[in-house]
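Nothing in this text is a laboratory measurement; each read-out follows from the coordinates by a stated rule. From a predicted model like this one, the values you see are computed outputs, not experimental measurements. Positions of Cβ are generated from backbone atoms using ideal geometry, with glycine treated the same way; all protein chains shown enter the neighbour counts.
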Amino acid sequence: MNSSSYQKWEDQDRPSLGRWRKWFPRDLPSKSVSLMLAVILLLWILLIVVLVKGSKTSQELNQLKEEVKTNASIWTKDVGELREDVAAARRNDSALRTDVGTWESKLGKSHARLLKLESEHNELSTQMTQALAEAGKDRQDIRSEMFRAVAAVRSGNSSCSPCPDSWLAFEGSCYFFSTEKAQWDQSQQNCAKVQAHLVIVNSLEEQTFLTQNTRGLGYWIGLTATRARGKVKGYMWIDGTKLTFSYWNEGEPNDSRRNENCVMMLYSGRWNDANCKSLSDNWICEKRQQC
Ligand code: MMA
Ligand code: CA
């Protein structure tokens with residue numbers, strides 16, 4: 001802009017402005033110039049202040065940046081470590097959870113076993129208590145029975161139920177000596193009617209007892225002949241047992257007239273085979289005492 005007006009103005013009478021003059025309108029009054037300069041100065045100062053401040057801020061920012069940079073690596077490291085810690089903690093937590101689970105399961109099983117044991121123990125205890133109570137009762141019963149038996153023996157009574165009236169007791173049996181006479185079959189039937197049978201003699205002791213009670217009479221006993229082809233083969237007791245003990249009279253059994261299948265006891269106690277249909281004899285019944 002090489003205009004003539006600007007050139008003209010440069011040549012005018014205010015050289016103090018130097019080369020800045022061209023930026024100012026040439027017709028401005030001196031006072032205004034001063035004011036403008038002051039304003040410009042003020043602006044400069046402001047600018048400088050701002051710049052200085054800005055630079056300071058920038059410096060601080062840089063410093064902060066540096067600090068951040070330095071700290072960032074530390075923080076990154078810290079964050080890394082923290083992450084590792086968290087991972088480890090998670091791993092530990094997981095392991096711990098597994099452990100806790102295992103222990104919980106073990107504890108559960110142990111608890112169940114304990115409950116089972118407790119139940120078994122209680123059951124056993126109950127059974128033992130019952131067994132003890134029963135044993136105690138048995139002991140008491142045995143004691144009572146023993147005292148009763150001892151008392152019965154002392155008073156001369158047996159601990160078994162007594163024999164019926166008009167029956168004689170001997171070594172656990174009751175004996176009935178009839179006052180009537182009958183054939184062998186009828187005699188056996190008479191005994192059966194009172195839950196007895198014709199007497200079976202097993203020993204000399206028993207025979208002696210019977211002998212002492214014949215009162216001069218003859219009695220049918222529970223012994224009969226067994227035959228084979230008409231001949232006497234042997235003798236058998238009414239309960240089917242074989243003859244072991246015997247107390248035959250002299251010359252007996254003779255099977256007189258080959259017709260003597262039944263055995264009777266003479267008043268001496270000795271035995272004689274006789275005709276079963278004979279009505280000459282009484283009978284002796286025997287039954288075991290109820291003990
Ligand atoms: C005799 C004797 C016995 C026989 C009877 C039969 C008196 O005794 O021979 O053996 O059984 O007679 O009545
Ligand atoms: Ca005879």
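So how far, in whole Å, is the C-alpha centre of the stretch 160-238 from the one of the stretch 68-95?
With the stretch 160-238 and the stretch 68-95 each reduced to a Cα centre, they are spaced 115 Å.
Would you please give the residues with an amide H less than 5 Å from that of ARG227, counting only those at least 5 places away or on a separate chain, with H modeled from the backbone geometry?
Those lying under 5 Å, H to H, from ARG227 are LYS233.
Which of the pairs LYS242/LYS287; LYS193/LYS242; LYS181/LYS233; LYS233/LYS277; LYS193/LYS231; LYS193/LYS287 have their Cα atoms more than 23 Å apart in this structure?
Over 23 Å apart, Cα to Cα: LYS193/LYS242; LYS181/LYS233; LYS193/LYS231.
Determine, for the stretch 51-141, the count of lysine pairs separated by eight or more sequence positions (or lying on different chains) whose alpha-carbon distance falls under 18 Å.
5
Round to the nearest 0.05 the FRET efficiency obtained for THR129 and ARG91 when R0 = 51 Å and r is the Cβ-Cβ distance.
The formula returns an efficiency of 0.40 here.
Work out from phi, with θ = phi - 60° and the Karplus expression 6.51 cos²θ - 1.76 cosθ + 1.60, the ³J(HN,Hα) of each residue of the stretch 263-276, listed in order in whole Hz, and give x for Gly and Pro.
10, 10, 9, 6, 4, 6, x, 6, 9, 9, 7, 9, 6, 4
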